[in-house]
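Enquirer: Here it is, the structure, as structure tokens.
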Amino acid sequence: ENPELSYMYRRNSTLSEIGFALIDLDGNGQEELLISDINSPFVYDLYTISNGQAIHIFASHERNAFYLYEKGYVENQWSGSAVTSGHDFYKFNEGQLDFIERITLDADHALDAGMIADLSEANEENSFFRSESDQPKDYKWVSSDDAIKAIDAYQNANKRIEIAFTLLSEYKK
């Protein structure tokens with residue numbers, strides 16, 4: 001009934017595979033609602049409360065998964081096509097995601113920027129970019145080694161949150 005709820009939960013056959021958790025992700029005293037498959041390493045949906053209203057922060061879907069880390073860090077691993085994928089990093093702060101950085105493998109951008117003549121020339125050495133925005137105009141080329149080191153640094157800087165979900169099948173009002 002909620003049009004904002006991720007459709008990912010429909011991939012599960014029973015409510016005994018889907019759970020929710022309440023966790024204060026940014027330490028501001030307001031717990032956020034997380035919904036996911038209890039065995040999934042990523043979160044399907046994240047909600048918070050702002051001015052007495054439920055706010056839907058994100059929904060994962062195919063080619064788009066959100067991972068939660070300690071201290072409010074969030075990673076979005078995404079894929080736009082066979083030639084475009086990336087990692088977006090955010091800080092969850094006061095009920096919103098503040099964008100930090102994008103690290104992307106983007107052959108389409110390499111083509112548009114004239115770095116390659118056609119997509120058959122795309123490879124990991126000429127198609128990695130970093131940016132402090134999600135706009136291709138702001139992308140700066142980086143080597144594959146530097147891109148992978150930067151992704152690893154984000155992922156290793158904070159521990160991924162271990163979530164103790166309550167099964168929806170066990171929820172009682």
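Enquirer: Can you list residue pairs whose Cβ atoms sit under 7 Å apart, with the first residue in segment 131-155 being surrounded by 13 or more Cβ atoms within 10 Å (Cβ to Cβ) and the second being β-branched (Val, Ile, Thr)? Count only pairs 6 or more apart in sequence or on different chains.
Expert: Final answer for the pair search is ALA147/ILE103; ALA150/ILE103; ILE151/ILE103.
Enquirer: Also, I was wondering about something else. Pull out all pairs, ordered by first then second residue, where Cβ-Cβ is under 7 Å, the residues are six or more apart or on different chains, the first lies in segment 44-57 and is within 14 Å of GLY29 (Cα to Cα), and the second is open to solvent by less than 80 Å² (accessible area, probe 1.4 Å) and not in a strand (DSSP E or B).
Expert: THR48/GLN30; THR48/GLY95; ILE49/GLN30; SER50/GLY95
Enquirer: Being over 26 Å from LYS140 (Cα atoms) and β-branched (Val, Ile, Thr) is true for just one of ILE116, ILE57. Which residue is that? Step through it out loud before you land on a result.
Expert: Numbers: ILE116 fails: over 26 Å from LYS140 (Cα atoms).
Every option except ILE57 fails the conditions.
Enquirer: Looking at (1) open to solvent by 60 Å² or more (accessible area, probe 1.4 Å); (2) touching a strand residue (DSSP E or B) at 6+ places or on another chain (Cβ under 7 Å), which is the only condition ASN51 fails?
Expert: (2)
Enquirer: Condition first: in contact (Cβ under 8 Å) with a residue 24 or more places away in the chain and among the polar types (S, T, N, Q). Can you find one or more residues in segment 110-126 that meet it?
Expert: no
The values are calculated or read from the model by the stated rules, or taken from the named source; none is laboratory data. Bear in mind the structure is a predicted one, so any value in this text is a computation, not a measurement. Backbone-built Cβ (ideal geometry, glycine too); neighbour counts: all protein chains shown. For accessibility, only protein heavy atoms count, side chains too; no ligands or nucleic acids. Shrake-Rupley method; radii C 1.70, N 1.55, O 1.52, S 1.80 Å.
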